[in-house]
1. Can you list the cysteines of the chain that have no other Cys Cβ under 4.7 Å away?
2. Would you please state which residues of region 93-131 a label at Ser200 would reach in this model, taking the label point 7 Å out along Cα→Cβ and a backbone N cut-off of under 15 Å?
3. For region 100-205, what is one quarter of the convex hull surface built on the Cα atoms, given in nm²?
4. Would you mind counting up the charge near Glu156? Only other residues with Cβ under 15 Å from its Cβ, with Lys and Arg at +1 and Asp and Glu at -1.
5. Counting other C-beta atoms within 10 Å, and keeping those with at most 16, which DSSP coil chymotrypsin sites (Phe, Trp or Tyr not before Pro) do you find in region 97-202?
6. R0 = 41 Å: FRET efficiency of Asn179 with Glu32, Cβ-based, nearest 0.05?
7. Each residue of region 59-70 in turn: what ³J(HN,Hα) in whole Hz from Karplus with 6.51, -1.76, 1.60 and θ = phi - 60°, glycine and Pro shown as x?
8. Can you give the helix-only mean residue ellipticity at 222 nm for the chain, where every DSSP H stretch with n ≥ 4 adds -39500 (n - 2.57) and the sum goes over all residues, rounded to the nearest 500 deg cm²/dmol?
Amino acid sequence: MRLYHRPDCPFCWKVRIFLHEAQTEIEEVFVEFGKKHPDVVSLNPNATVPVLIEGDLVIYESALIIEYLSDMFPQSMLMHGSPLEIANIRQLHSYSDSKVGKALFPYIKHVRENQGCSVDEGLKRTTLEAWVGIQGKLSESIGNKDFFSADFSVAECALIPRFTIAITYGLHISNQFPNLLDWYERCKKRESFITTLPRSFPGIK
Ligand SMILES: N[C@@H](CCC(=O)N[C@@H](CS)C(=O)NCC(=O)O)C(=O)O
């Protein structure tokens with residue numbers, strides 16, 4: 001199996017956390033920030049990473065890669081539980097990719113592109129408002145559990161990169177949500193987080 005990925009990309013990072021949790025070794029091809037790898041351009045009509053190659057099969061949407069890996073490695077227990085629990089994991093995965101990603105991205109892009117300059121306070125304020133709203137929903141969803149499902153799952157694989165990126169770019173977890181703060185600390189201690197943490201983030205010294 002070969003994975004084309006950019007270490008700081010949340011879609012790619014999610015796949016790498018999954019692979020680490022599933023204790024699966026793969027061949028990695030690193031793609032640099034701002035550069036297009038020729039294989040990615042020829043393999044993926046969207047020219048985005050991640051791209052997973054398995055024999056003749058090419059998968060280029062991260063959510064589909066996760067579904068494929070979940071089927072391939074059921075023993076990882078990352079997409080595990082009753083149909084209701086699995087639906088909840090999938091819903092959180094989708095929420096992370098779409099809602100959380102979209103709410104944070106304009107501000108993160110702005111910080112990356114204005115390295116060393118003062119940030120747009122209006123953009124920061126509206127992003128923070130959305131970010132607090134997202135944390136409120138996630139705090140309600142996790143309640144007093146250790147993880148969003150019965151154990152560490154695809155929901156964590158997807159959400160942990162988003163939280164880490166938010167924190168790295170100056171958007172912290174609010175003290176209003178101690179259950180999320182505890183959850184994040186719990187996830188940060190895992191080998192899969194420590195091993196896959198990107199060495200650098202664009203625009204951050
Ligand atoms: N929906 C896609 C989104 C992937 C995506 O947007 N990847 C970004 C990096 S985070 C990318 O490759 N952008 C194009 C580029 O950097 O050239 C997925 O889930 O795989």
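1. If one checks each Cβ against the other cysteines of the chain, Cys117, Cys157, Cys187 turn up with nothing under 4.7 Å.
2. It comes to 112-113, 115-116, nothing else.
3. Numbers: hull surface 27.0 nm².
Taking a quarter of the hull surface, the average projection is 6.8 nm².
4. Values: positive: Lys14, Arg16, Arg90, Lys145, Arg162, Arg186, Lys188, Lys189, Arg190; negative: Glu21, Glu85, Asp97, Asp146, Asp151, Asp182, Glu185, Glu191.
Here the charged neighbours net out to +1.
5. Loop-located and lightly packed - Phe147.
6. The value I calculate is 0.65.
7. Along region 59-70, the couplings run 10, 10, 10, 4, 5, 6, 4, 5, 5, 4, 5, 5 Hz.
8. -16500 deg cm²/dmol
We did not get these values from a lab; they are worked out from the coordinates using the rules stated. It should be emphasised that the depicted structure is a prediction, and the values quoted were computed from it without experimental measurement. Quick reminder, even Gly has a Cβ in these numbers, built from the backbone with ideal geometry, and neighbours come from all protein chains shown.
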